[in-house]
Every structure is written in structure tokens, then in C-alpha cells.
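Here you go, one structure.
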């Protein structure tokens, strides 16, 4: 369980958001939505202390990540997998080596075991035949899927997705959305999805956190969004040109 | 806190630089994290720089010989003095400094561009999020390679500088190789080589650490990486020259 308590962040004099509070329950997928520049990715990077807040706490199973020593924090970070916006693949090594990377450094697996696990992870994201490709040969959607394979290779407890469908065509976006659902169901992973794609939100998430006006403007079940009295949220949904049935 | 006084930005930068060096020093014990990268950096910093260092050495020695002969075009001095001046200038100063200025461009620019690109494309965040110590993984091997490989490159530049001097002297009819070497040996001091080696270690540290710092903290996309690389190269050259002067004042 991830508890976000009274979180406030600013860069210099620019307040990103303040006093953000919500809880991400185990096994659930929570979507964080909001306009571009509202600090969604900034919030994501607080969950495993890639960024530090001005005030507040992020508790992972009751432990505040901002109080941890660097050594302890690295262990907590290994419980997370992150799919970065552009994939963040290491471009000096092949697709196979990108996925194998955490296994080589954090496990004692033999070469045969690594090969088996990498191919298994790549097949989960439907990229069985891309193992020996250079990362520069991959399309945007493929890069995200390889990034996802790398994120799940150590079987994390939490999977964080930063704009997983941005810049992708609708069909590839659907494939990524299906993967997110599959990961949650098959691997029993707790997921956080940063997005402004309402289609993606409705496809994958159990809960929604809406960041607006430098605060958490709305938090609740995805299916309750249409009953919300939060006008900004309704406007946001409407602006996304998505009709909620 | 008032941070608007002149030099505040520079002080902040120095503070971040010192912090990065402290982190690098602390994580230098994690050999298993950076062992593989260290060997790659030995190759990139050392082996792959040998062709340019060969050229730098040869032409520095050759030009210095021709110019020294031109300046001493008189019967007052024996011709062997040309070998003495050229060899000692190369060993004490030129092999280390000219190599360092060239390597600030070749090695420093590569390091800052690599790390800067990794920063803006979130590859460094990806490393950290996996539980890696990115400073240990990326910064430590590059600085160590600079410290350990620059003396090798200095030695290479010095050897080829003297060979260049001997060759230019002989081909231009200024003095035979034997006379050049006689003059070089007459003023050869082991302490000069030690001084040159110390300089090369310091220059290796200055160039790689500044370049790592600028690349590691790059921001702002392609333009940010370009700015980081320019700053890394310019600052490396400036601090190489400052270090050169300081070491000369202290050690000579």
C-alpha cells in the first residue's frame, strides 16, 4: 500500500501542488490525471523518492521513503518498476541486454536463466522477435513495450507508468492499455498510471486522482467520475472528447 | 537566504560539484557496480585517444624543434641545446598540457554529451529507479579512467614528441638525431617526468570530473545537452590551465 500524506512540492518559487493526500491500495490500478504541466510526472517521481518534496510523506507499507538511508531506499526502489515516457532504454546496448540489465546486476541467475526470463518478459509484451534489435530500430510503441518488459523483469510489487500511451496511434495505445490490465491481473501488481488519455483511464484504472489548480482536486472510484460534482473534472473529461456512458 | 550577490550561482555550482565528488568518493567502493564500465572507459579514454595523442606528440615536437632552431640560429650555443630545450619542454609542459586541452575536447565532450543525453532521456532516472547507484555506475568509472589513463597518454605524447623533434631536426638538416638525443640526455631529470605525471593525473581528474558534473546535471533537452557539453569543454580547459599554473608554482 502506498499512502501519500500532505505532500507539497515547488520548484523555486513555482508551486507545483500542495497538501496532496490519497492512498493506493494493493492490487489496484490508480490513474493520476490532469492537464499538461500540472505535476503528474513530478508526483510519480515522489513515489520512489526520485524527487523529494518540500513537505509531506510517502509511506510504502508504513515506511516513509524520504526518511530512508540511500542504501535502504535502493532496496525499496527495487520493489518498483517504472515505464518512463520515452521508454528510457539504454541506447548503447541491445533490446535483449536492456531487459536483462537488472537481472545481471541484482540476481545470481545463470546465462540460461537470464535468457529464458528475458524471452518470457518480451513475449508478455508481444515482442518475442525483437530481442536482438538495436534500440534505435524500435518504434515508439515498441520502445514502451521493451521498457515495460524491463520494468517487470524483477517482478516488482508496484508498477508506475508515465504517460504510457502518449504519442502512440489509437491501436498501439489499445495494445498498451491491454498490457497494463494484463500486468495487473496476471502479476498481481499495484499500478499507478500517469495519463491525460481518458480512454486509457477508463480501460485500466480502478481509482482516479485528479490534479488541478495546484492540489488534488478529486479522488475516487473510476466509475464514480461521471457522478462527480467537481466541475473542473467534468470539464476535463469533456475536453478529452470522451463520452462517459 | 539571499542568493543574489555576485558569484552566488558559481558558488552553488561548486557546491553541487563538491557534492557529486563526495558521492563518487563514497560509492567508489562499489566495484561490482562499475567494474564493467571501468574497462569500457579505459578503452574509450585511453586506447581510443592514442591516435590523436600520437599526432599531438609528433607535431608538437617537430614544430618546437623547428622554432627553437630558428630562435637559436647563432654560433653562440652548441646545436645539442636544441635537443635539451625541446625534450625538457615536452616532458615538463607540452606533453601534459597540449594533450589535456585536446582531450578536454575529445574525452570531456564525449562524457558530458553521454551523461547529458542519459539525463534528459530519463536513463539516469531509470537506473536510480531500478535501485542502482547512478553515481557509482556512471561517474566513478569515468573519473577513475581519467586519473589512470591520462598518465599513459602523457607518456605516449612525450615519447612521440621527442621522436617528432628528432625526426624534424634530422629531416630539416638542423641537427643529427645523435646530437639531439645527447642534448636531451644532458638535461634529463627524473623529477621532470614525475612532475609531468602528476600534472597528467590532475588534468585527468579535472577534465573527467567537470565533464561528468556538467553532463550528470544537464537539463532542457537537446539544447541543454549542447550547453552542458560546451560548458564542460570550456571549464575543463580553463581549470587545466589554472591547475597547470598552480602545480608549477608549488612543485617547481
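Angle, helix B:80-89 long axis vs. longest principal axis of chain B, Cα atoms, 0 to 90°, nearest 10?
10 degrees
Another question, if that's okay. Can you give me the angle between helix A:111-124 and the longest principal axis of chain A, using Cα atoms only, in degrees from 0 to 90, rounded to the nearest 10?
Once rounded, the angle reads 40 degrees.
Can you sort B:17, A:161 from fewest to most other Cβ atoms within 10 Å of each residue's own Cβ?
By the 10 Å Cβ count, ascending: B:17, A:161.
Quick one: length gained pulling residue B:77 to residue B:29 fully straight, 0.36 nm per residue minus the C-alpha distance?
On the way: separation 48, 0.36 × 48 = 17.28 nm, distance 5.53 nm.
The span from residue B:77 to residue B:29 would gain 11.8 nm if fully extended.
In which sequence would A:1, A:124, A:183 go, from the one with the fewest C-beta neighbours within 10 Å to the one with the most?
A:1, A:124, A:183
Here's another thing I want to ask about it. Most mobile of B:144, B:55, B:101 per a Gaussian network model of chain B (Cα springs, under 10 Å)?
B:55
Consider a paramagnetic label point 7 Å from the Cα of residue A:186 along Cα→Cβ; state which residues of segment A:20-53 have an amide N under 13 Å from it.
In segment A:20-53, the label zone of residue A:186 (backbone N under 13 Å from the point 7 Å along Cα→Cβ) covers no residue.
Please arrange A:199, B:16, A:46 by counting, for each residue, the other beta carbons lying within 10 Å of its beta carbon, fewest first.
B:16, A:199, A:46
Does anyone have the angle between helix B:50-71 and the longest principal axis of chain B? Alpha-carbon axes, 0 to 90°, nearest 10?
Approximately 40 degrees, to the nearest 10.
Semi-axes of segment B:33-251's equivalent ellipsoid from the Cα gyration tensor, sqrt of 5 times each eigenvalue, largest first, rounded to whole Å?
40, 15, 14
If you don't mind, there's one more thing I want to ask. Taking 7 Å along the Cα-to-C-beta vector as the label spot, tell me the residue A:69-residue A:129 distance in nanometres, rounded to one decimal.
5.1 nm
Continuing with the same structure: In nm, to one decimal, how far is the modelled label at residue A:119 from the one at residue B:170, with both set 7 Å along Cα→Cβ?
6.1 nm
When the helices in the protein assembly as shown are scored as -39500 (n - 2.57) per DSSP H run of 4 or longer and the sum is shared across all residues, what 222 nm value do you end up with, to the nearest 500 deg cm²/dmol? Spell out each step's value before the answer.
Values: 19 runs with 280 residues, N = 497.
Computed mean residue ellipticity for the protein assembly as shown: -18500 deg cm²/dmol.
Compare A:14, A:148, A:73 in a GNM of chain A, Cα atoms joined below 10 Å, and give the one with the largest fluctuation.
Answer for the Gaussian network model of chain A: A:14.
Does a label point 7 Å from the Cα of residue B:238, set along Cα-to-beta-carbon, have any residues of segment B:83-102 with amide nitrogen under 18 Å, and which are they?
B:101-102
Using 7 Å Cα-to-Cβ label points, what is the residue A:136/residue B:148 separation (nm, one decimal)?
For the pair residue A:136/residue B:148, the computed spacing is 2.9 nm.
A short reminder: the numbers here are calculations on the coordinates, not readings from a lab. Since the model is a prediction, treat every value here as computed from it, not as a measurement. Quick reminder, even Gly has a Cβ in these numbers, built from the backbone with ideal geometry, and neighbours come from all protein chains shown.
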